[in-house]
Every structure is written in structure tokens, then in C-alpha cells.
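Structure first, commentary second.
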Amino acid sequence: MPEMDLLPATRRALLHRIATAQAEGRAPSLVAAVLRDGSPVWTGARGLVDGRPPTTDTQYRIGSLTKTFVAVLVLRLRDEGRLDLADPLGTHLPAAPAGSAGVTVAQLLAHTAGLASETPAPWWERTDGGVRPELADVLSADGVKHPAGRLFHYSNPGFALLGALVEQLRGKPLEQVLAEEILAPLGMTRTSLLPQAPHAGGWAVHPWADVLLPEPATDTGRMAPAGQLWSTVDDLCRFAAFLAKGDPAVLAEATLTQMRTPAAPMDGPAWDLTYGLGLQLKNDHGRLLSGHTGSMPGFLCTLWVAPADGLGGVVFANTTSGISIGGVCADLVRITAEHEPRIPDAWAPLPSYDPALLDLVGPWYWGPGALVIRLRAEGDLELAPLPGPGRGSRLKAQADGTWLGLDGYYAGETLRAVRDADGAVTHLDLGSFVLTRQPYGSDTVPGGVDPLGWRGGPA
């Protein structure tokens, strides 16, 4: 994939960050990339794989980033109408283990199903999948740890069940579905369930001595949807570009926006890290990142995208521990954004518009609260508070002349323009809220308006 130039100071700062991470984390090798507007703009590597520096075509195990691929496959089924996210798992997967049949697809995607974090012993990441040949083997008899929907509790078996759901509804092995529905459309030729040369070996580094121990590269069988995949920097750059903007051959951007919407309670008192639908969401100094971290014995991985900045990052290392890989990847995105902030697109007038929509733009009031509506492309509207804090939303034009809220408080709510007998707009109705041209300026305001109107002096 072609690279575009970054400034020398940016490139050096990025190299310094991965060099520090590899040296201080004592990783045998580390390879990374930064994307801008869907294309790699920088790659770097430290350490050795089989006596040579790793390249962007060297496979590493990506661990739990596999879960995001599985989530994409599940959302494709939803978009096709094959399932609803509110469906209980058992509706579509008769072989679901006891205790899991009643949890919903959405709860599994968001890790709010209350299922155990891990399988019954032995530790699944270092043992062959043959030790748990049946789907019921991935969850113990006491595998339900919390009431469904109550809290975030990360579950590897939960994604094993989602992988089985995909296989059930497609009637094909997960590997085949993955290749046909994601890898081939995105041109990801070096992503696979089992390693393909050239690939890195996985290592454990002794905590108190600079010596290595090889980690087993197991085939985890039914647990593969939780962390089996191997990939390369080149391939994950393609996947990152897709996660940032969507691809009609895989998933629409609107579905990816839903995946990036928090679906689990915040993990801790501060908004730092939470979970959407198969995507981790990170607040990095105010910059919203989405993607996933990954680890398997001998490997660490992270992919983050920052759609608002048009940036993304990928980092691999072949060590079991020692590097805060999610933080390193976030730093690469932050360094690039701070050194070379995104240049906004040039302003240009709308190529066409409906003049009648000009009756809707400008200031409106919800009670005494000031709002403004602006006209956007294709008849869409944008609602924002004016001035100061308040509720806003992007609003998508609908065929019936209404607008549908896309985000914020009004997501899914309908905006209607109410007109009098002469066709003039009297007020707007937004999910039963009445918006008027003056503060409390219409007899359509619910509860009515005091007949004496506004007044001065003490109450």
C-alpha cells in the first residue's frame, strides 16, 4: 500500500515512541503503522523476527481483535434481516450452552450478557481446542456470573457463541464466512486462522532476566472467534480504513456508527474506556478512538481509528506482556494529530437545495432554550444549542418530509415541520418537544403560556 510523506519531525516522534516501547517493554519485535484518510502514511519496526526486522507483511497473532471481525459478521446478518440484536441467542442457536440461550445478541456483542470471562480449565489460550470439542464445553455449569444486561463483564466464551451463531445462520465454517464476507472484499490476503509464513514466533520474556521462552501457537478450536486470527500491518490498515468509513461491500458507515456507540456501562468512575458492539471505545485526552486491543500468549496487538481526525494506528508485538499496547497505539494517533492537524475541506456552497427548507433554518426555541438549525447536503438538517450547552443532533431527511435524528439525545426521534392552512411553518415537533421562533412564542406550547407573557421585576 502506498505511503504519503509525513514531516520529518513527525516521523522521528513516531519512531521514538515505538523504539521506547520496544526497548522498555523488552519485546523481541514490534511493528506499527499510522493511517491518514484511509491510507498508510508511516510504518516503523524495531527488533528482529528470524534474524531480520519485521515488515508490514509479517504475520502476528491479533488476539481479541478477532472479536471485531466476528461482530462485523453478526451485524451483516442483522442488516440482512436474518436476526435482531434483541433476539435471545437460543432463538437462532439451539446448541447454545445452558444459561446462555436467553441472553441477547446485543448483550453478547457488548459483553453485558453476564457470562464468565473464560472457559472451564484448562486455560484455553495455551491448550488445543480439541479439549473442548462441543459448543457446550466453552461454558461451565456456573458460567453465568451476573444478571444479563446489568454490567460490563468481558467474556471470551460469549464471542465463541457469536462465532457459532454466524456458522449456524450461514451454514458454513467461520473461516469460510470470514474470507467471503470481509477478507476478500477488503483485499486482506494475509489474514488467516492459522499462521502463514512469513510470521513472527510468540515469546514470553522472563520478568527478571533478558531471556526468552517460546509460547505455543495453538489452534483454539471453538474458541477461535475470541482470539484466533493472525494478520499483518498491511491487512489491518485495510481493516482500519474500513472501520473508519465503512464499505458498501461489507458494512455501511451507519452500521459502524452504531457499533461505535457505547452499549455497555462505563468501566470505572471516569470515561476512559468502554465498549460498543464488538468495538472497544477509548477517550484519549478528548480524542475518541474505536477499535480493539488483543493478546494471546506471545503476542500483543492494537488497532485504533479516530474518524473525526481521519487517522488510525496499528501496533503488533510478539511478547506475552510488558507493553501497554493500547496506549502505544493511541500515542501514535495523538502524535500525528498534534504534529500535523487535519486540514479541513475547503468550504463550498451546496450544489442544489430545496428553497422551502430555508423556512426551517436559523434560531428556534425549546421553551427559553435557544437552538439553531442549519441546512446540510441532501436536505439533511443539523440541530445545535445556541449558545452554550444543550442537546443537538444530526437529522436525516426522510421520504415523507420528516427528519430522523441520527445521534445524541434525539437519535431515532422524528422532527416534523407543522404548518398552518396557508403552508407557513408555525412550529417544529421533535419527539413531542415544540420548537418555536420565539421563547414560549406559540399557543401550541404544551401547558399553554401565561396570558400576561414575559415580565420584569422580582418574581
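Could you sort the peptides 139-150, 232-243 by per-residue average Cβ neighbour count (10 Å cutoff), highest mean leading?
Averaged packing, sorted descending, gives the order 232-243, 139-150.
I need the Debye-formula profile for the stretch 1-90: one equal scatterer per C-alpha, no solvent, reported as log10 I(q)/I(0) at q = 0.12, 0.23 1/Å, two decimals.
Scattering profile of the stretch 1-90, log10 relative to I(0): -0.58, -1.20.
Using a probe of 1.4 angstrom, how much of the accessible area of the chain is carbon and sulfur, in percent?
56
Starting from the Cα-Cα distance between Ala411 and Asp142, subtract it from 0.36 nm times their residue separation and give me the gain in nm to one decimal.
Full-extension gain reported as 93.1 nm.
Can you bin the stretch 361-447 into rounded, prolate or oblate? Criterion: square roots of the alpha carbon gyration tensor eigenvalues sorted a ≥ b ≥ c, rounded for a/c under 1.5, prolate for a/b above b/c, oblate for the rest.
oblate
Please calculate the 1.4 Å probe accessible area of Arg26, with all protein chains present, and give it to the nearest 10 Å².
Arg26 has an accessible surface of roughly 80 Å² with all protein chains in place.
If I take R0 = 51 Å and measure r between the Cβ atoms of Arg455 and Thr257 in this structure, what FRET efficiency does the formula 1/(1 + (r/R0)^6) give, to the nearest 0.05?
E between Arg455 and Thr257, to the nearest 0.05, is 0.65.
Pull up all non-local amide H partners of Leu229: gap of 5 or more, or a different chain, and H-to-H distance under 5 Å with H placed in the peptide plane.
Long-range HN contacts for Leu229: Ile62, Gly63, Thr66.
What is the Rg over Rh value, at two decimals, for the chain, using alpha-carbon atoms and the Kirkwood definition of Rh?
That ratio equals 1.04.
From the phi angles alone, apply the Karplus equation (6.51, -1.76, 1.60; θ = phi - 60°) to the stretch 133-141 and give each ³J(HN,Hα) in whole Hz, x where the residue is Gly or Pro.
With coefficients 6.51, -1.76 and 1.60, one gets x, 9, 4, 5, 6, 7, 9, 6, 4 Hz.
Using the Karplus equation 6.51 cos²θ - 1.76 cosθ + 1.60 (θ = phi - 60°), what ³J(HN,Hα) coupling, rounded to whole Hz, does each residue of the stretch 173-187 give in order, writing x for Gly and Pro?
Per residue, the Karplus-derived 3J(HN,Hα) values read x, 4, 4, 5, 4, 4, 5, 6, 9, 10, 5, 5, x, 8, x Hz.
Tell me, in nm to one decimal, what length is gained between Ala101 and Asp400 on full extension, where the rule is 0.36 nm per residue of separation less the Cα-Cα distance?
Separation in residues times 0.36 nm, less the Cα-Cα distance, equals 103.7 nm.
Using a/c under 1.5 as the rounded threshold, could you call the stretch 309-427 rounded, prolate or oblate? The axes a ≥ b ≥ c are square roots of the C-alpha gyration tensor eigenvalues, and prolate needs a/b larger than b/c, oblate otherwise.
prolate
Can you give the relative contact order of the chain as a percent, counting alpha carbon pairs under 8 Å and 6+ residues apart?
16
Pull up all non-local amide H partners of Asp87: gap of 5 or more, or a different chain, and H-to-H distance under 5 Å with H placed in the peptide plane.
Under 5 Å from the amide H of Asp87 lie the amide H atoms of Val105, Ala106, each far enough along the sequence or on another chain.
For the stretch 1-82, what is the accessible area per residue in Å², given a 1.4 Å probe and the full set of protein chains?
41
Taking only protein heavy atoms into account and a 1.4 Å probe, give the accessible area per residue of the stretch 108-184 in Å².
42
Specify the inter-centroid distance of the stretch 88-121 and the stretch 24-72, based on alpha-carbon positions, in whole Å.
31
With a ≥ b ≥ c taken as the square roots of the eigenvalues of the C-alpha gyration tensor of the stretch 116-250, please select rounded if a/c is under 1.5 and otherwise prolate if a/b is larger than b/c or oblate if it is not?
Judged from the Cα gyration tensor, the stretch 116-250 comes out oblate (a/c at least 1.5, b/c at or above a/b).
Can you name the helices of the chain, as whole DSSP H runs, whose Cα span along the helix axis is 27 Å or more and whose Kyte-Doolittle mean is not below 1.6?
Going by DSSP H runs, there are no hits.
To the nearest 20 debye, what charge dipole does the stretch 292-396 have about its Cα centre, counting +1 at the Cβ of each Lys and Arg and -1 at the Cβ of each Asp and Glu?
Dipole magnitude for the stretch 292-396 comes out near 240 debye.
Using unit Cβ charges (K, R positive; D, E negative) and no other charged atoms, how large, in debye to the nearest 20, is the dipole of the stretch 392-439 about its Cα centre?
120
Where the convex hull is taken over the Cα atoms of the stretch 124-165, what is its projected area averaged over directions, in nm²?
Mean orientational projected area (the stretch 124-165, Cα hull): 3.6 nm².
Give the long-range amide H neighbours of Thr319: residues separated by 5 or more places, or on another chain, with amide H under 5 Å away, using H modelled in the peptide plane at 1.01 Å from N.
Trp203, Phe299, Leu300
Put Glu215, Glu24 in order of accessible area, largest first, 1.4 Å probe: what do you get?
Solvent-accessible surface, decreasing: Glu24, Glu215.
Have a look at Ala148, Pro297, Leu281 and report the one farthest towards the positive end of the charge dipole of the chain, computed about the Cα centre with Cβ charges (Lys/Arg +1, Asp/Glu -1).
The residue sitting most towards the positive pole is Pro297.
Of Leu256, Thr58, Ile325, which is farthest on the positive side of the dipole of the chain, counting Cα position, with +1 on Lys and Arg Cβ, -1 on Asp and Glu Cβ, and the Cα centre as origin?
Towards the positive end, the residue furthest out is Ile325.
Excluding residues on the same chain fewer than 8 positions from Lys396, give the lysines whose Cα lies under 29 Å from its Cα.
Lys245, Lys282
Run the reach check for Lys172 against aspartates and glutamates, Cα to Cα strictly under 13 Å, same-chain hits fewer than 8 apart removed. What comes back?
Counting by Cα, and skipping residues close in sequence, Lys172 has these aspartates and glutamates nearby: Glu180, Glu181.
Using Cα pairs closer than 8 Å and at least 6 residues apart in sequence, work out the relative contact order for the stretch 38-173, in percent.
Reported relative contact order: 25 percent.
On average, how much accessible surface per residue is there in the stretch 258-370, in Å², for a 1.4 Å probe, leaving out ligands, DNA and RNA?
Per residue, the stretch 258-370 has 44 Å² of solvent-accessible surface.
The values are calculated or read from the model by the stated rules, or taken from the named source; none is laboratory data. This one's a predicted model, so the numbers in the text were calculated from it and none came from an experiment. Because the Cβ atoms are built from the backbone with ideal geometry, glycine has one as well, and the counts that use them run over all protein chains shown. Keep in mind that these areas ignore ligands, DNA and RNA; they rest on the heavy atoms of the full protein, side chains included. Shrake-Rupley method; radii C 1.70, N 1.55, O 1.52, S 1.80 Å.
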